[in-house]
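Encoded as structure tokens, the structure appears first; notes follow it.
The values are calculated or read from the model by the stated rules, or taken from the named source; none is laboratory data. On a predicted model such as this, the values are computed, not experimentally measured, just so you know. Positions of Cβ are backbone-derived with ideal geometry, glycine not excepted, and every protein chain shown enters the neighbour counts.
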Amino acid sequence: MDLSSNYPVLVWIKSLPPGEFVRSNWWVFPTLQSLHFCGMTMVIGIVGLLDLRALGLARSLPIRPLHRLLPLAWVGFGLNLLSGVLFFMHDPFIYAFNASFRWKLLFILLAGVNALWFELGVFTNLDRWQDKVETSSLAKVISVISLALWIAVIVGGRYIAFTNSAAPAP
Amino acid sequence: MIDDTLLALQNSAFATWIQESVYPIVITAHSIGLALLVGLLVVIDLRVLGFAKGAALPGLRKLMTVVWIGFWCNAISGAMLFVIDAKKDYYSWLFRSKLMLIAVGLIMGARITSTVLNKTTEYAAGDADAPQQAKVLAVVSLLAWTSAIFVGRWLAYNTYGDIGVGE
């Protein structure tokens, strides 16, 4: 049963030019997916490295220079936000009611809050655990949560295709 | 001859099991491995190119352990993905290009490791500049991995991404 008429906002989003552009050019969707994977490696490569460092891997590396890579992680995040919004606009009905997609968004939000916790709760006190020094247990807890959340983001993203997308009857 | 082997692979009980029971897990593992393998190699390339000065190059050597974990994760999950589409993949130039791009990426990683990361005294300073030759390797590495991601993604499209399938 086609319930799309019950969701005028989604129908409107789908009718906008960006969605139309993605749908009518066959090469755009796979290109956006490829960029989404590239952005993912930038975000998780850099954030994951900070997490692994806080957990004690490569302890000889000072964390401050690694932290300066974060603007590049934001470039990756921006790339993925843009490609992600275009996925959604190409067909909102694939995503809006999909539980995996909703979990993925929640995990990204939580990873963001967790990163903010790291910035405010740990990074401001960084001088206390400068180079080669054991990181605080708070830093380790935050890092484990960060790694778990980013892996959960990947799982959520991958499972969108295997999860029911049907709109609930009103 | 090779066709018989490829068809035997993709018609095997193992292939059916992958397809029916673990396919979502396999492609998810392939993505997680990608994040570890390429994500950390990108960071190493960036440092070679002059980003994150202050972090000594030999200090990055420890990351290679995690890079290899990501590699094996993807070699195993990738082999499983090959099994279910053995003939299509074998005759696909996208698939062959992907393998070659991965080989190039790995060789660049190995050469950066041996010429820079392993030179513990030469590049011990946090802000030491990597040699010009290593910077070339880092650029080739970034291009190879980015291309491998694109080719891998297009390989997943049966309808229009599947170019060059032999019959």
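Condition check ((1) over 19 Å from B:A56 (Cα atoms); (2) assigned to a helix (DSSP H, G or I)) across all residues:
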{"site": "A:T31", "(1), (2)": "yes, yes"}
{"site": "A:F37", "(1), (2)": "yes, yes"}
{"site": "A:V43", "(1), (2)": "yes, yes"}
{"site": "A:V47", "(1), (2)": "no, yes"}
{"site": "A:L52", "(1), (2)": "no, yes"}
{"site": "A:L57", "(1), (2)": "no, no"}
{"site": "A:P71", "(1), (2)": "yes, yes"}
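Looking only at residues of the range A:1-21 that are surrounded by fewer than 18 Cβ atoms within 10 Å (Cβ to Cβ) and hydrophobic (A, V, I, L, M, F, W, C), we find that the one that is modelled with the lowest pLDDT is A:M1. List the helices (runs of 4 or more DSSP H) inside the range B:59-152, counting only whole elements, that have at least 2 residues being modelled with pLDDT of 95 or more. Result: B:63-84, B:93-112. For beta carbons closer than 6 Å, sequence separation of 6+ or different chains, a first residue in the range A:74-101 that is in contact (Cβ under 8 Å) with a residue 40 or more places away in the chain and a second that is hydroxyl-bearing (S, T, Y) and buried (at least 20 other Cβ atoms within 10 Å of the Cβ), the qualifying pairs are A:F88/A:Y95; A:F101/A:Y95. B:S77 meets each of the listed conditions (1) more than 12 Å from every other protein chain (Cβ to nearest Cβ); (2) closer than 24 Å to B:A156 by Cα apart from (1). Within the range B:20-58, being within 16 Å of B:G109 (Cα to Cα), in a helix (DSSP H, G or I) and more than 13 Å from the chain's Cα centre (by Cα) holds for B:V43, B:I44, B:D45, B:L46, B:R47, B:V48, B:L57, B:P58. Considering the range A:59-69, the residues that are at the interface with chain B (Cβ under 7 Å from one of its Cβ atoms) and assigned to a loop (DSSP other than H, G, I, E, B) include one that is nearest to the chain's Cα centre (by Cα), namely A:L69. Screening A:F29, A:F37 for residues that are under 22 Å from A:V155 (Cα atoms), surrounded by 20 or more Cβ atoms within 10 Å (Cβ to Cβ) and of a type outside the set (G, A, S) leaves exactly one candidate, A:F37.
Do the conditions hold for A:N6, that is, is it within 12 Å of chain B (Cβ to nearest Cβ), over 20 Å from the mean Cα position of the chain (by Cα) and on the phi < 0 side of the Ramachandran plot? Considered against the rule, which asks whether it is within 12 Å of chain B (Cβ to nearest Cβ), over 20 Å from the mean Cα position of the chain (by Cα) and on the phi < 0 side of the Ramachandran plot, A:N6 comes out as no.
For the range A:75-113, filtering for residues that are part of a helix (DSSP H, G or I), surrounded by 18 or more Cβ atoms within 10 Å (Cβ to Cβ) and of a type outside the set (F, W, Y) leaves 13.
A residue that is within 12 Å of chain A (Cβ to nearest Cβ), of a type in the set (A, V, I, L, M), in contact with a Gly (Cβ under 9 Å, 6 or more places away or on another chain) and within 12 Å of A:A58 (Cβ to Cβ) occurs nowhere in the range B:19-34.
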